[in-house]
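The values are calculated or read from the model by the stated rules, or taken from the named source; none is laboratory data. All figures in this text were calculated on a predicted structure; none of them were measured in a lab. Here the Cβ is made from the backbone with ideal geometry for all residues, glycine too, and neighbour counts use every protein chain on show. Only protein heavy atoms, including side chains, enter the accessible area calculation; ligands, DNA and RNA are left aside. Shrake-Rupley method; radii C 1.70, N 1.55, O 1.52, S 1.80 Å.
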Amino acid sequence: MRKPIIFGNWKMNKTNAQALEFVNGVDGFVTDKADFGVAPAYVALKDAKANAKDLIIAAQNVHFEANGAYTGEISVEMLKELGTEWVVLGHSERRQYFNETDADVQKKAAASIAAGITPIVCVGETLFEFEADKTERVVRKQVAGCLSGLDAEAVANLVIAYEPVWAIGTGKSATVEIAQNTCALVRDEVRNLFGDDIASRVRVQYGGSVNPSNIEEYMSQADVDGALIGGASLEVDSFKAIIDAIK
Ligand code: PGA
């Protein structure tokens, strides 16, 4: 009943011209088996959006304030004007390198939702936390911290990406059991916060070294509704293989 959702997170890769080349190479291959999208750098959003018919185009971040003295930041209104309808928030690289907190993510999500932009909210434990058996505590806290206070109906429509930090860009993907169990506890935390109906509708992705050969296994899990993909989303052929894998 939940439509699968597959997103490529390009991080700081691809110029505008390279993004355009990718969009033109992939858009015609997008099927209706899932929602498929990519998140280019800000500078490529406008042209990517203008050239994508079926591929969803997302930003990788946004600031929570409407405007003001925040050098280097981008507001929801700026994204909206480019036609951007989705935004990735709280990616672990933003949390690690730019000190983003759950409270920041919550404010960014609220600002995005108010502007009609759908967030993909990222959560996930570090290797240290994983090895200390703290995954459940950490992930539940992140989900609660990022989503509490948001409109329930908006939560049902957004996406949560569970990405264990130790699996990102490492080639060391989580087992399907870990992916399923943690996506299930993400949903359970949404149930605690917003009730059964919202929890049954919110889409939860797994992310971390997903590629064309392992995506089917993840997608076969009951609580895994999709994937957030870094490295394997960068090449046209690899992304097409991912599209083909979603039957
Ligand atoms: P990866 O990145 O697929 O390269 O591990 C995932 C992500 O950071 O979203």
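Surface calculation, 1.4 Å probe, protein heavy atoms: residue 135 sits at approximately 20 Å² accessible. Ordered by 1.4 Å accessible area with all protein chains kept, 223, 32, 54 run largest first as 32, 54, 223. Taking all protein chains together and a 1.4 Å probe, the residues 213, 200 rank 213, 200 from largest to smallest accessible area.
When Rg and Dmax are taken over the Cα atoms of the chain, they come to 16.6, 47 Å. Find how many whole Å separate the alpha carbon centroid of the range 27-58 from the alpha carbon centroid of the range 137-156. Cα centres, the range 137-156 to the range 27-58: 26 Å.
Each of the peptides 226-239, 186-199 was scored by the mean count of other Cβ atoms within 10 Å over its residues; in descending order, highest first, they stand as 226-239, 186-199.
Net charge dipole, the range 171-247: roughly 100 debye, given to the nearest 20, about the Cα centre with Cβ charges of +1 for Lys and Arg and -1 for Asp and Glu.
The length gained by stretching the chain between residue 71 and residue 51 to full extension, at 0.36 nm per residue less their Cα-Cα distance, is 4.3 nm. Rolling a 1.4 Å probe over the protein chains gives residue 130 an accessible area of about 70 Å². Using 1/(1 + (r/R0)^6) with R0 = 22 angstrom and r between the beta carbons of residue 246 and residue 18, what's the FRET efficiency to the nearest 0.05? E between residue 246 and residue 18, to the nearest 0.05, is 0.35.
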